Amino acid sequence: MFTYVSLFSGMGGFDTAFNRQGFRSVLASEIDPKARLAYEILYGHAPKGDVTQIPSSDVPSHDVLLSGFPCVAFSLAGKRAGMDYRCTECHHEHLVTFHEYLRTPTCPECKGTTKPIDERGILFFESARIAYDKQPPILLFENVKGLLSHNGGKTLEIILFTLNEIGYLVDFSLLNSKHWVPQNRERVFIAASRMSPTQPYTIPSESSVFQKRKKEYLYKGLQTFSFPWPRQDQVPYSIRDILEEDVPSSYDLSLYQSQKFVSKVTKGSDIQKIGYLGKDREQCRVHSVEGVMPTITANNGGGRRPGGLILDGERIRKLTPLEVFRLQAFPDSYVTLLRSYGFSDSVLYKLAGNAVTVSLVEELASSIHHLLSQ
C-alpha cells in the first residue's frame, strides 16, 4: 500500500481523497486546535502540531508528500505579503531562496537581520525541507489562484525552481472545482516527481496569466515533466443538487428581502447572481440555485457576514454546514459526527472553507497511484 504525509492538513481534504484511492497516512500536521480535533475525530489518529517543530527524523518514509501550505499570504482576500522578508534595520524588502531560509537569511543590502513579513508565506519552505530530507517520489501541493500573479510571478518561480533544486521535476495546473462540484473554486496545483522522465509540460492554448507563467518558466529553464491533469470541459452540477430538504428557518433572511429578488435571476454565467443585500457586496451576494456557488471561504457562514446566500424557492438563506461540506465533496457523515462532538456551525463553515475539494483531489490521487504503480 502506498503511503502519504499531509502537511497543513486542516480537517483532512487531501486525506479523505487519498484514502479513497487506497493510500495510507503515516503522518499529518495541523496547527489549528479545532481542525486538529476534527481530524482526530474523523480519521482516528491525532495530527502533529506546528510543522516548524517537526524534525525530519520524526517523519516516516512515504511515497507522496501532500501540502496545502497557507494561502492567505498570496490570496487577493489577504494582504499578499507572500514570501517577502523585510530587514529590521534598513527595511529593505526581498525574497529568499530555500537554502537561505535554512541558514537564517540576512538582508542583501545591509547584511542586517531580516524577518518574514508574514510567517505563513514562507511555510512552503517547510514542505520543501521535509521533501529534501525524506525524498518521497511524488509531491502534490495546492494554493490559491493568486499565486500565479503574486509578485509578478516571482513567488511561484521560487517555489518551482526550489523543487528543481531539491531533485524534482515539476508541472502545475489551474483547476476549477466547478467541474466536480457546484462551486467556482480555482486553485493552483503543483505536482513534482523524482521518478518521471523529463519532458515539457502542456501549455494551454488560451491566453491567460496561467499560460504566460508556464511559457515564462519553461523559457527560464524549469525542469519539467507532464502530469496527467484531468479534463475540465463540463460543469455537471448546480447548487440545487447539494441542497438539504427541510432547512430550518434560522438560516433564512427576511421574507421581504427574499421576495424582492425572486424575479431577478441573471442568466448567461455559471454563477447566476440575482442581487445584493446591504452594502457589503462581496459578502451579501444572492445566487440562483440553478448556477454554481462562488468560492466558499473560511469566512462564509454565520455571524455578521452571511456570505453564500442563495434564493431557495422564495427564501433567501445561508447555506447550511451540510451543504457547504457537500460543496467540497465531503460525506454527509462528517457533519453528523462533528456535530455530535459539539462543533458549531461557524467552526464547520471554517473547516470546509479551508479545505480542498475532495472529488477533484481524488482524481489526482488516482493518477498518482497509477504513476507509482508503473
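Values quoted throughout were computed directly from the atomic coordinates according to the rules given, and no laboratory measurement underlies them. Keep in mind it's a predicted model, so treat the numbers as computed, not measured. Heads up, the Cβs are rebuilt from the backbone with ideal geometry, glycines too, and the neighbour counts pull from every protein chain shown.
Quick one: net charge around Ser9, please, counting Lys, Arg +1 and Asp, Glu -1 for every other residue with C-beta under 14 Å from its C-beta. Each step should come with its number before you reach the end.
On the way: positive: Lys34, Arg36, Lys48; negative: Asp15, Glu30, Asp32, Glu40, Asp50, Glu126, Glu142.
It works out to a net charge of -4.
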Residues of type aspartates and glutamates that Lys111 reaches as a straight line, Cα spacing below 15 Å, ignoring anything fewer than 8 places off in the same chain: Glu89, Glu93, Glu100
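Using DSSP to call loops (not H, G, I, E or B), can you name the GluC sites (Glu not before Pro) in the range 172-249 whose Cβ has at most 16 other Cβ atoms within 10 angstrom? Intermediate values should be presented prior to the final figure.
Working: sites: Glu186, Glu206, Glu216, Glu244, Glu245; in loops: Glu206, Glu244, Glu245.
Hits after loop and neighbour filter: Glu206, Glu244, Glu245.
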For Thr114, residues with placed amide H under 5 Å, excluding near neighbours: Thr88, Cys107
³J(HN,Hα), Karplus 6.51/-1.76/1.60, whole Hz, each residue of the range 99-110, x for Gly, Pro: 6, 5, 4, 5, 8, 6, x, 10, 5, x, 8, 10
The range 302-374 and the range 95-127: distance between their alpha carbon centers, rounded to Å: 34 Å
Amide H contacts of Thr224 (H built 1.01 Å from N, under 5 Å, at least 5 apart or other chain): Val170, Gln199
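Can you give the local net charge around Ala35? Use residues other than it whose beta-carbon is closer than 15 angstrom to its beta-carbon, Lys and Arg +1, Asp and Glu -1. Intermediate values should be presented prior to the final figure.
Numbers: positive: Lys34, Arg36, Lys48, Arg120, Lys350; negative: Asp15, Glu30, Asp32, Glu40, Asp50.
Computed value for this residue: 0.
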Three-way shape call for the range 1-61 based on the alpha-carbon gyration tensor, with the a/c threshold at 1.5: oblate
Per-residue HN-Hα couplings for the range 182-189 [Karplus 6.51, -1.76, 1.60; θ = phi - 60°; Hz; x = Gly/Pro]: x, 9, 7, 9, 8, 9, 7, 10
Most positive-pole-ward Cα, Gly12, Leu27, Thr320, against dipole of the chain from beta carbon charges: Thr320
For P(r) over Cα pairs in 10 Å bins from 0, in percent, calculated from these coordinates, the label among (i) 4, 17, 24, 21, 15, 11, 6, 1, 0, 0; (ii) 5, 18, 19, 19, 17, 12, 6, 3, 1, 0; (iii) 5, 23, 31, 25, 13, 3, 0: (iii)
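Percent relative contact order of the chain, based on C-alpha pairs within less than 8 angstrom and at least six residues apart? Before the final figure, lay out each step's value.
Values: 706 pairs, mean separation 56.0, N = 374.
RCO, the chain: 15 percent.
How would you classify the range 150-216 from its alpha-carbon gyration tensor, with a ≥ b ≥ c the square roots of the eigenvalues: rounded for a/c under 1.5, else prolate if a/b is greater than b/c, otherwise oblate?
prolate
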Degrees, to the nearest 10: 124-134 long Cα axis against longest axis of the chain: 50 degrees
Student exercise, the chain dipole from Lys, Arg, Asp, Glu Cβ charges, in Debye to nearest 20: 780 debye
Whole-Hz ³J(HN,Hα) from phi, Karplus 6.51 cos²θ - 1.76 cosθ + 1.60, for the range 38-50, glycine and proline x: 4, 4, 4, 4, 6, 10, x, 9, 7, x, 6, x, 3
